[in-house]
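Visitor: Below is a structure I'd like to ask you about.
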Amino acid sequence: MPRLKPSTIRIGYRYRPKRLAPDYDAVVIGSGMGGLTTAALLSELGWKVCVLEQHYTAGGYTHTYDRAGYEWDVGVHYIGDVGAKTRTRCMFDFLTDGKLQWAPMADEYDRFFIGEKVFTARAGKRQFRDNLVAQFPREEQAIDAYMQLLAESGSAMSAVGMDRVLKPWQRVLSAPVRKHKIPEWVFEPTWDVLSRLTSDPDLIATICGQWGDMGLPPKKSAFMVHAMIARHYLYGGFYPVGGSWKIADNIMPKIQKTGGEVFTYASVEQILIEEGVVKGVEMKDGHRIACDCVVSSAGIDNTFSRLLPSTVVREHGYSEALSQLKPSIAHLGIYIGLQETAEALELPRTNFWIYPSNDYDGDVQAFLENSDAPFPVVYISFPSAKDPDYLNRHPGTATIEIVAPAPYAWFEQWEGSTWGQRGPEYEQFKAMLGERLMRYLYDKLPQLEGKVDYYEVSTPLSTKWFSAYRQGELYGLDHSPQRLKQDWLGPRTRIPGLWLTGQDTLTCGVTGAMMAGLLTTSAMVGIRRATSLTRRIFG
């Protein structure tokens with residue numbers, strides 16, 4: 001197979017040592033949403049920030065690529081909470097100077113195919129509740145109790161976030177307040193909380209129909225993360241007009257305004273530690289960037305297992321803490337192009353979630369034990385239908401994306417191989433997986449059979465190659481109750497000069513990583529300056 005050409009959609013400035021400024025106030029490793037947010041907010045406060053991205057384009061999971069005349073996003077399938085002046089919308093507007101526009105999806109933004117049954121989620125808090133009651137009329141009391149839990153979880157999530165910003169001694173003093181504001185049930189498994197409300201497995205399955213957005217089924221996920229996702233989409237789903245690459249593209253000018261830059265093809269070999277404190281980073285080409293402030297948005301595993309010396313990790317007591325964490329599941333992606341428009345093909349502005357049964361945890365276990373078992377979840381998205389600007393860029397065409405879980409172990413035999421050059425056996429294996437997943441699409445939308453012009457399959461090795469997650473994980477760390485209780489997972493580290501940001505320090509997703517960037521900035525600059533900054537952001 002000939003080597004595939006990289007995308008032409010590129011955000012950032014290609015790294016060369018001679019292109020670096022003489023000095024920086026901070027170096028950020030990784031240009032995902034957490035890294036870009038931290039860099040942009042520090043820049044807003046006058047810092048000169050250098051962002052280093054190992055991929056050929058900035059943006060992390062917000063990046064877009066094009067091939068064969070089509071364009072796909074790789075991670076931003078929909079965003080919630082941006083249809084009004086919410087905190088999420090205010091953050092996006094501030095980071096992009098209001099240049100990022102959002103297109104609403106259909107009122108029925110999620111459709112759940114659960115075995116032979118079909119359920120839906122509708123936009124609007126009241127509409128969401130009433131739609132659930134219409135589908136489960138005998139469960140009205142349980143549904144209202146669930147909506148009340150979602151409401152109560154909002155203040156708990158804010159308290160958890162603020163707790164991450166505090167210094168250790170401040171956390172000790174605030175413990176009584178924290179105990180009052182953060183009830184224990186937010187850390188319980190999602191299934192345990194919901195099963196106290198109802199015994200209807202279809203209702204629980206419908207409520208948990210977005211579990212793929214965090215990568216853990218309800219008996220293993222923390223209710224706080226479930227609630228965060230459910231609240232996030234209560235008012236529907238939205239898509240960035242012009243494609244998800246517009247997010248990074250519109251954030252970059254804020255970083256450049258104070259002399260900073262976002263560099264691509266900029267692979268960091270290690271974080272430099274001298275006499276116990278951060279002194280900068282060493283690049284893959286051997287060049288050293290001196291700086292006493294480094295922010296890692298590369299993920300907890302990469303930061304502590306690859307970028308830091310093992311002796312430093314042990315000396316600061318991280319080895320035991322790291323053993324308590326697990327990576328989230330890896331995934332397959334199918335990127336599909338069609339030579340007709342979304343309207344002509346009757347593609348919806350609704351996401352499809354396809355499940356073999358209402359026993360999500362059982363289906364995951366069956367799949368892990370037998371690769372021939374049905375995929376425990378198959379997600380289908382229609383980006384060209386969601387983006388009103390798509391036809392201006394790619395007239396007469398449409399795109400579809402399919403996402404499904406896939407254990408990294410399936411692909412370990414090709415570990416270390418080069419993207420696009422992994423050999424015929426790998427290509428045959430990918431083709432088989434692609435054919436399995438395409439059948440899900442044709443089953444739900446039979447009018448598409450024979451209409452597909454192009455499709456390609458990405459595997460966990462693709463995720464590892466482009467995003468540097470070591471096991472191709474989609475959501476960083478597993479969002480389990482155990483992970484959420486790790487209070488060291490926040491912006492601060494025990495190594496002077498080293499800070500953390502991104503989804504591993506708070507919660508998954510673009511918005512979770514963005515809010516982590518705000519928390520990291522707040523911890524770095526202190527409460528007084530952070531308060532002034534948040535007033536400007538949120539008004």
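The values are calculated or read from the model by the stated rules, or taken from the named source; none is laboratory data. It should be emphasised that the depicted structure is a prediction, and the values quoted were computed from it without experimental measurement. When we count neighbours, we look across all protein chains shown, and the Cβ atoms used for this are built from the backbone with ideal geometry, even at glycine.
Visitor: Just to verify a result, which residue in segment 417-461, among those that are among the small types (Gly, Ala, Ser) and without any contact (Cβ under 8 Å) to a residue 40 or more places away in the chain, is nearest to Asn351 (Cα to Cα)? First the steps, then the outcome.
Guide: Taking segment 417-461 first, the residues among the small types (Gly, Ala, Ser) are 417, 420, 423, 431, 434, 450, 458.
Next cut, without any contact (Cβ under 8 Å) to a residue 40 or more places away in the chain only: 423, 431, 450.
Values: Gly423: 34, Ala431: 24, Gly450: 22 Å.
The residue in question is Gly450.
Visitor: Which one of these does Thr501 not meet: (1) under 28 Å from Val278 (Cβ atoms); (2) surrounded by fewer than 16 Cβ atoms within 10 Å (Cβ to Cβ); (3) at pLDDT 95 or above?
Guide: Unmet condition: (2).
Visitor: Shifting gears a bit: Could you check, for segment 52-67, whether at least one of its residues is surrounded by fewer than 24 Cβ atoms within 10 Å (Cβ to Cβ) and farther than 19 Å from Ala468 by Cα?
Guide: So far as segment 52-67 goes, yes, one or more of its residues are surrounded by fewer than 24 Cβ atoms within 10 Å (Cβ to Cβ) and farther than 19 Å from Ala468 by Cα.
Visitor: Restricting to segment 167-186, name every residue that is closer than 29 Å to Gln135 by Cβ and surrounded by fewer than 19 Cβ atoms within 10 Å (Cβ to Cβ). Walk me through it before giving the result.
Guide: Taking segment 167-186 and keeping what is closer than 29 Å to Gln135 by Cβ, we get 183, 185-186.
Pro183, Trp185, listed by residue number.
Visitor: Please count how many residues of segment 347-362 are within 22 Å of Leu194 (Cβ to Cβ) and either in contact (Cβ under 8 Å) with a residue 60 or more places away in the chain or polar (S, T, N, Q) (or both). Show your work before the answer.
Guide: Taking segment 347-362 as the starting set, the residues that turn out to be within 22 Å of Leu194 (Cβ to Cβ) are 351, 353-362.
Remaining after also requiring either in contact (Cβ under 8 Å) with a residue 60 or more places away in the chain or polar (S, T, N, Q) (or both): 351, 353-361.
Count: 10.
Visitor: So which of Asp81, Asp107 is surrounded by fewer than 17 Cβ atoms within 10 Å (Cβ to Cβ), touching a strand residue (DSSP E or B) at 6+ places or on another chain (Cβ under 9 Å) and under 23 Å from Ala385 (Cα atoms)?
Guide: Numbers: Asp81 fails: surrounded by fewer than 17 Cβ atoms within 10 Å (Cβ to Cβ).
Of the residues listed, the single one that is surrounded by fewer than 17 Cβ atoms within 10 Å (Cβ to Cβ), touching a strand residue (DSSP E or B) at 6+ places or on another chain (Cβ under 9 Å) and under 23 Å from Ala385 (Cα atoms) is Asp107.
Visitor: Using the structure shown, decide if Gly161 is within 29 Å of Pro327 (Cα to Cα), loosely packed, with under 14 Cβ neighbours inside 10 Å, out of contact with any Phe, Trp or Tyr (no Cβ under 9 Å at 6 or more places or on another chain) and in contact (Cβ under 8 Å) with a residue 24 or more places away in the chain.
Guide: Working: within 29 Å of Pro327 (Cα to Cα): yes; loosely packed, with under 14 Cβ neighbours inside 10 Å: no; out of contact with any Phe, Trp or Tyr (no Cβ under 9 Å at 6 or more places or on another chain): yes; in contact (Cβ under 8 Å) with a residue 24 or more places away in the chain: yes.
No: the conditions fail for Gly161.
Here's the yes/no breakdown for (1) among the polar types (S, T, N, Q); (2) surrounded by 20 or more Cβ atoms within 10 Å (Cβ to Cβ):
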{"position": "His287", "(1), (2)": "no, no"}
{"position": "Asn302", "(1), (2)": "yes, yes"}
{"position": "Leu325", "(1), (2)": "no, no"}
{"position": "Leu338", "(1), (2)": "no, yes"}
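Visitor: Follow-up question, since we're still on this one. Only residues that are touching a residue at least 12 places away in the same chain (Cβ under 8 Å) and acidic (Asp, Glu): list them for segment 113-153, please.
Guide: Glu139, Asp144, Glu152
Visitor: Now a separate question. Residues of segment 349-387 being within 19 Å of the chain's Cα centre (by Cα) and either farther than 19 Å from Ala398 by Cβ or of a type in the set (A, V, I, L, M) (or both), which ones?
Guide: Scanning segment 349-387 gives Trp353, Val377, Val378, Ile380.
Visitor: Among the residues of segment 306-314, is any of a type in the set (Ser, Thr, Tyr) and touching a residue at least 12 places away in the same chain (Cβ under 8 Å)? Outline the logic, then answer.
Guide: Restricting attention to segment 306-314, the residues satisfying the condition of being of a type in the set (Ser, Thr, Tyr) are 310-311.
This time we only want the ones that are touching a residue at least 12 places away in the same chain (Cβ under 8 Å), so: none.
Scanning segment 306-314 turns up no residue that is of a type in the set (Ser, Thr, Tyr) and touching a residue at least 12 places away in the same chain (Cβ under 8 Å).
Visitor: Which ones in segment 504-539 are surrounded by fewer than 19 Cβ atoms within 10 Å (Cβ to Cβ), of a type outside the set (S, T, N, Q) and not in a loop (DSSP other than H, G, I, E, B)?
Guide: Looking only at segment 504-539, we keep the residues that are surrounded by fewer than 19 Cβ atoms within 10 Å (Cβ to Cβ), and these are 525-529, 531-532, 534-539.
If we keep only those that are of a type outside the set (S, T, N, Q) too, we end up with 525-529, 535-539.
Residues satisfying the conditions are Val525, Ile527, Arg528, Arg529, Arg535, Arg536, Ile537, Phe538.
Visitor: Still on this structure: Checking His479 against (1) farther than 19 Å from Ser319 by Cβ; (2) at pLDDT below 90; (3) in contact with a helix residue (DSSP H, G or I) (Cβ under 9 Å, 6 or more places away or on another chain), which test does it fail?
Guide: Only one criterion is unmet by His479, namely (2).
Visitor: So, one more: Just to be sure before I move on: is Ala222 crowded, with 24+ Cβ neighbours inside 10 Å and under 24 Å from Thr64 (Cα atoms) in the structure I sent?
Guide: On the way: crowded, with 24+ Cβ neighbours inside 10 Å: yes; under 24 Å from Thr64 (Cα atoms): no.
In short, no.
Visitor: Okay, moving on. Within segment 166-210, track down each residue that is polar (S, T, N, Q) and modelled with pLDDT under 90. Before you say what the answer is, go through the steps one by one.
Guide: At the first step, the residues of segment 166-210 found to be polar (S, T, N, Q) are 170, 174, 190, 195, 198-199, 206, 210.
Within segment 166-210, Gln170, Ser174 qualify.
Visitor: Could you tell me which of the residues Gly420, Gly472 is in contact with a Leu (Cβ under 8 Å, 6 or more places away or on another chain), surrounded by fewer than 24 Cβ atoms within 10 Å (Cβ to Cβ) and of a type in the set (Gly, Ala, Ser)?
Guide: Just a single option satisfies the conditions, and that option is Gly420.
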